1. Ignoring everything except DSSP H segments at least 4 long, calculate the 222 nm mean residue ellipticity for the chain; use -39,500 (n - 2.57) per segment, divide by total residues, nearest 500.
2. Residues with amide H under 5 Å of Asp167's amide H, sequence separation 5 or more or different chain, H placed in the peptide plane at 1.01 Å from N; which?
3. Along the Cα-to-Cβ line of Gln128, 7 Å from the Cα, sits a label point; which residues in segment 51-88 have backbone N less than 12 Å from it?
4. Kindly flag which residue pairs out of Lys124/Lys160; Lys61/Lys124; Lys61/Lys99 have an alpha-carbon separation exceeding 31 Å in this structure.
5. Which Cα, out of His170, Ala34, Thr138, lies furthest along the positive dipole direction of the chain (beta carbon charges, K/R +1, D/E -1)?
6. How high is the relative contact order of the chain, in percent, counting Cα pairs under 8 Å that sit 6 or more residues apart?
7. Under 8 Å for C-alpha pairs, at least 6 residues apart: give me the relative contact order for segment 9-75, rounded to a whole percent.
8. Which FRET efficiency, nearest 0.05, do Ser91 and Glu69 yield, Cβ-Cβ r, R0 30 Å?
Amino acid sequence: MQVYVIRHTKVDLPSGICYGQSDLSLRDTFPEEASNYLEKLEPDFCKVYSSPLQRCSLLAKAIGLPFEEDSRLMEMNFGAWENTPWQDIASVEIDPWYKDFVHTKTPEGESFIDLFQRVEDFLKDLRQKEYKRVLIVTHSGVMRSIYCYILGIALHNAFKIQVQYGDLMHFNLGKDPELDCIYKTI
């Protein structure tokens, strides 16, 4: 199965703000960004999935194909840190997370392994489907989780993978994980 994953367009939020599952508005540049992103795609997908957060579902809608929202494709839940400037999060709270973001949950939120396990569950379900070409519209944390899953990368290395707005990854999801491979990122 050929799977394409695209990250949403830019959000209407200043840089330096912690956000994950907050349902943020998109910038006024959304129509132009969406058009540029969609030029990367050939719209002959058997199935389209999207995170239910509007920054993804609006892009999925712009594709013009029916799509299914799946909460497993949502960004990491940063809990009490959502919409807080990173610099304003008390060091007593954030330092343990920086030391082990894989296992340390954010206050009232998730750890990275929680996110990874959601994504892994989604991919295992998808692996059982008979689709030829699938598109997923999602977030950077989900994309990093997919890289880790497909390549067997240790989760603590996930943030060494840069994922920009509108990035597109293309991979094969085989019936057997030994057949998985990443073709390219555009």
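The values are calculated or read from the model by the stated rules, or taken from the named source; none is laboratory data. Here the structure is a predicted model, which means the values were calculated and not measured. Here Cβ is always computed from backbone atoms with ideal geometry, including for glycine, and neighbour counts include all displayed protein chains. Protein only, heavy atoms only, side chains kept; ligands, DNA and RNA dropped before computing areas. Shrake-Rupley method; radii C 1.70, N 1.55, O 1.52, S 1.80 Å.
1. Result for the chain, helices only: -9000 deg cm²/dmol.
2. Distant-sequence amide H within range of Asp167: Arg7.
3. Residues passing the 12 Å test: none.
4. Over 31 Å Cα-Cα: Lys61/Lys99.
5. His170
6. Reported as a whole number, the value is 32 percent.
7. Computed value for segment 9-75: 34 percent relative contact order.
8. Working: r = 37 Å, r/R0 = 1.22.
After rounding to 0.05, the efficiency reads 0.25.
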